[in-house]
C-alpha cells in the first residue's frame, strides 16, 4: 500500500543511520543500482495527487543501516512535469546525507545537467559513472579523476547490471558523509548571471527561515528561474518587499543585457556548462556505430519498424500461448495429482460428504485448481514479457511506431506504453495515463485501455477459445477487439471537444536486460496480482459452489435466459459466470471449468463437454469486451470521476452484447460451429 | 489548458483569428480551421464564423492548396496586431516582470486595447525592441518585418543538420520541458529519421535521441546549418 511520501521519508530518516537519495536521468541504470543495493523489502510512497512513485528501502553497510530513497528518473529538477516535481520534493523532504547521482557514461553532457542542479541545491553528491562498459564499446573514455576534481564530488565507474563498482561506490558515500565536504566546486554561470545572483544572495543571507534550509545561492537560482514554490515563500514573507523588488529588478536586468528570460538563460548556461565539462573529461575515438546500435535502429526505421513490430507481437502471442499452456497443464496436473487429494481428505473427514464440505471444496480445491490452470500461468508469462519489453527499451520503439495511429484517436505515441501495460492489467495502466497531458487524452486512453484485453481476459481467450476452437478463432477475437478499440478512439476524438498534444520522448539505445531486474519486477507485479486475486477467487468459487450445491444456481440463471440463450446463444449458467466475473475477468472461465469439473468429474476440464466452439467464441468475446472488473471500475472512478466510470462501463456492456449477438448471427449464417 | 471562450463575434475574436492565420501562414503551413481555433482559443464553430466575417471584410482568402492566406490589407492589419502583441509581451516581461512563459496570455488581452498613440509611446518606453521575449521579431511601425529565413523542423528531410531558431509554442510547461531536454533556441539538431505518412521524427541533440511528433516538430523553427540563410528585410 503506498503511503504518504512526506511521512514515509520522515519515518525512514528516524529508523536509519544515514539517508542516501538515488538520482539520475530515466533509463541510466538507476533501478539496477537500487535493486543491487537493497533487498526485497521495498516500500513505495506517493505525494497526494501524484502518480510518480518514490521507492524506499533499507540496507546495511558495515555496522550501519542506510535508508535509500530512489527518486523518479528525470532530466531535471523543477516544477514543469510531475516526475521533475516529485524528484525535487522528495530530495528536499528526505534531506539526504548524500545523493548518488547515476550518470550515463555514453551521454555525459545531457546527464550532467541534473548533477549541476543537485550541486546547486547544496546536497553532498557521489557520482556513479554507470555503463562504462557500453561507453567503452562506443569508443568513449571518461576521465573519472578529472570529473571528480571539477565536480568536487567523488566519481566511481560502475556497471550496475553486473554489480561492478558498487562496493567502491558505497565506500565513497560513507566517506563523503563522515568527512567534511570539500570546498564548493568552481561551477559558475556567466558574469551577468553571477552578478545578479550575488546581489540576491546577499539579500537572502540574513534570512534564517529559508525553505528546506537551502543556501542563499540555491534560493537565488530558484528565484531567478521563477520557481513558483520559492516565489510564494518570498511573497509571503514579512518585510521582504525590498527583496521582491530586487528579484524583479535582477530578472529585468538579465533580460536587458542578454535578451532572454532568466529561466531560459539559466537552462541554456547549465546545458552549456554541462557540455564543457563533458568535453573536458571525455575522450572519443571515432568509430563505426556498434552492430547492436545499428540493428536496434531497425526497430524504428521506416521499412523495417512495422514488420518487426508484427514479428514481436506474433512472438508475444505464441510465447503466451505455448508457455502459458505448458505451465497451465503442469500446474493443474500437479494439483490434481498431489495437492487435491491432500486437501479433500480433511474436509471429507471433518464435515462428511455433505453440502457444506462440497461447497468449501469448490473454493479450496476446484477454485484454486482453476486459478492455477487459467489465471496464474498466463499472467505470470505476460509479466515476464512486459518486463523484457520495458527493460530493453523496445516499448519506446512501439510508441514511436504507433504515434501516427494514436494521432487519429487524439493521442500521441506515449499512450502506447500504458496501452501495452493494459494488456497486462488495466488498473496500473489507467493510473499510467497520468503521463498524458490533458484530461481529454486520459479519458480516451482509459477507454481504450478498458477495451484492451488484459492478461486475465487473454487467459480466457487462450485457455478457452484457442484450445477448443483453434488459434485462428482466438486471433479473430483480438482482431475484433482491436477494431472496436480503434473505432471507439476515432469516434471519441471526433466527438470530444479539444485537441491532442504532441509526442516528445527520448529514444534509448538497446540495453541488455538484467535477469535479476526482470525477475524482481515480475515477482513484484505477480505477487500483487496473487494477493489481490486469491481471496476473490476463493470467495467467488465458494459462493458459486453454494448456489450450485443447494440448487439455487438454476433458478438464478433462469432470468438470464432471454439474453444468454435467446440473444447470445450460450447456456444461461455460463451467463451467470460472466456476471460473477466482474470481480475478476479470468474468474468467468475458472468458474465455468469448476462447474464442469464438479458436474462431470476432474476429467471434464474440457469445456467442449457442454459448450460448442462457436458458443465458446461468443462467450469469450462478450467476456473480453463487457465491463471491466470491479478494480478497474474503481480506478476509473478515482481517476476520471464516477460519472465517466459509469458511462464507460455502460458503453462496454452495450458494445459487448451487440458484438456478441452479431458474432453469433454471423457464425450461424456461415454455419460455423468449430 | 484554457477553455474555449463563449462565442460572440467581437473585434477581439476577429483580431485573434486574423493573427492566427498570419502566424500560422508565417510558419509556412497551409493551416486548417482546428489550428486557427486552437491558436485563438475558441471553438471551431466560432473560428469558422470569424473567418467567414474576415473573408467578407476582404482580409482573408482561401489560398492554394486549401490553406488560408491573408489579403494585402489583411496582412497590414495582422502585422499591426503582431506588433502590439509583441510590444505588450515585452511590457509584461521587462517592466512588469512576469515570467517569460506567461506573458503571451497577458498580451493576448492587452493587444486589442492599445490605440496607435499608446502603441507609439509603449515602443518608446521599451526603447524600440527588436524581438519579443520568445525571440520572435517585432514588426516596425511601418509594418516591415525582419525575419531570418527559417523553416519548420517537420519539413526537414532525414539527414539534415539544423539549428533551432525559435519555438512557436505559447504553452509555458511545454517550452520549459523542451528546454530541460536541451531543445532550446541555438541548439544543434540532426534529423535522423522521418517516419513516412506524417509519422514522428527522430532527432539527435548531442548524444541524446528524441522522438518528436509532427505537430511538435512543426512548432520548432530551424535554420539549416550548412548554408546559413541571410536575414531578409523586405
> Could you say whether any residue in region A:417-440 is within 14 Å of chain B (Cβ to nearest Cβ) and under 23 Å from residue A:296 (Cβ atoms)?
Replying inline: yes
> When the residues of region B:166-192 are filtered to those that are out of contact with any strand residue (DSSP E or B) (no Cβ under 8 Å at 6 or more places or on another chain) and within 7 Å of chain A (Cβ to nearest Cβ), which remaining residue is nearest to residue A:393 (Cα to Cα)?
Replying inline: B:180
>> Tally up the residues in region B:128-165 that are within 14 Å of chain A (Cβ to nearest Cβ), within 23 Å of residue B:76 (Cα to Cα) and at pLDDT 80 or above, please.
In response: 3
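Among the residues of region A:572-585, is any over 20 Å from residue A:367 (Cα atoms) and either assigned to a helix (DSSP H, G or I) or in contact (Cβ under 8 Å) with a residue 24 or more places away in the chain (or both)? Can you show your working first?
Residues of region A:572-585 that are over 20 Å from residue A:367 (Cα atoms), as a first pass: A:572.
Next, only the ones that are either assigned to a helix (DSSP H, G or I) or in contact (Cβ under 8 Å) with a residue 24 or more places away in the chain (or both) stay: A:572.
The answer is yes; a qualifying residue exists.
Among the listed residues A:347, A:317, which satisfies the condition of being away from chain B (no Cβ under 14 Å) and farther than 24 Å from residue A:542 by Cα?
Values: A:347 fails: farther than 24 Å from residue A:542 by Cα.
Only one candidate qualifies: A:317.
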>> Looking at region A:120-149 only, could you name the residues that are farther than 24 Å from residue A:510 by Cβ and modelled with pLDDT of 90 or more?
In response: A:125, A:126, A:127, A:143, A:144, A:145, A:146, A:147, A:148
> Do you know which of the residues in region B:193-205 that are surrounded by fewer than 19 Cβ atoms within 10 Å (Cβ to Cβ) and in contact (Cβ under 8 Å) with a residue 12 or more places away in the chain is nearest to the other protein chains (Cβ to nearest Cβ)?
Replying inline: B:198
> Before we move on, is residue A:344 closer than 30 Å to residue A:192 by Cβ, assigned to a helix (DSSP H, G or I) and not assigned by TED's automatic domain parsing to the domain that holds residue A:103?
Replying inline: no
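Hey, can you tell me all the residues within region B:206-220 that are assigned to a strand (DSSP E or B) and either closer than 15 Å to residue A:413 by Cβ or at the interface with chain A (Cβ under 7 Å from one of its Cβ atoms) (or both)?
First, the residues of region B:206-220 that are assigned to a strand (DSSP E or B): B:208-212, B:220.
Selection gives B:208, B:209, B:210, B:211, B:212.
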> Of A:251, A:258, which residue is within 13 Å of chain B (Cβ to nearest Cβ), surrounded by 19 or more Cβ atoms within 10 Å (Cβ to Cβ), out of contact with any strand residue (DSSP E or B) (no Cβ under 8 Å at 6 or more places or on another chain) and closer than 22 Å to residue B:167 by Cβ?
Replying inline: A:251
>> Suppose we filter A:283, A:288 for residues that are away from chain B (no Cβ under 14 Å), farther than 23 Å from residue A:593 by Cβ, at pLDDT 85 or above and outside any helix (DSSP H, G or I); which single one remains?
In response: A:283
> If you scan region B:40-67, which residues turn out to be modelled with pLDDT under 75 and either under 16 Å from residue B:79 (Cα atoms) or in contact with a strand residue (DSSP E or B) (Cβ under 6 Å, 6 or more places away or on another chain) (or both)?
Replying inline: B:63
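Looking at region A:7-103, what strands (runs of 3 or more DSSP E) fall wholly within it and have at least 1 residues that are closer than 25 Å to residue B:208 by Cα and touching a helix residue (DSSP H, G or I) at 6+ places or on another chain (Cβ under 9 Å)?
On the way: elements: A:18-24, A:43-46, A:54-61, A:64-70.
Those strands (runs of 3 or more DSSP E) span A:18-24, A:64-70.
Please go through region A:38-69 and pick out each residue that is more than 15 Å from the chain's Cα centre (by Cα) and crowded, with 23+ Cβ neighbours inside 10 Å.
Listed by number, the residues that qualify are A:56, A:66, A:67, A:68, A:69.
The values are calculated or read from the model by the stated rules, or taken from the named source; none is laboratory data. Being a predicted model, the structure only gives us computed values, none of them experimental. Methodologically, a virtual Cβ is constructed for each residue, glycine included, from the backbone with ideal geometry; neighbour enumeration extends over all protein chains shown.
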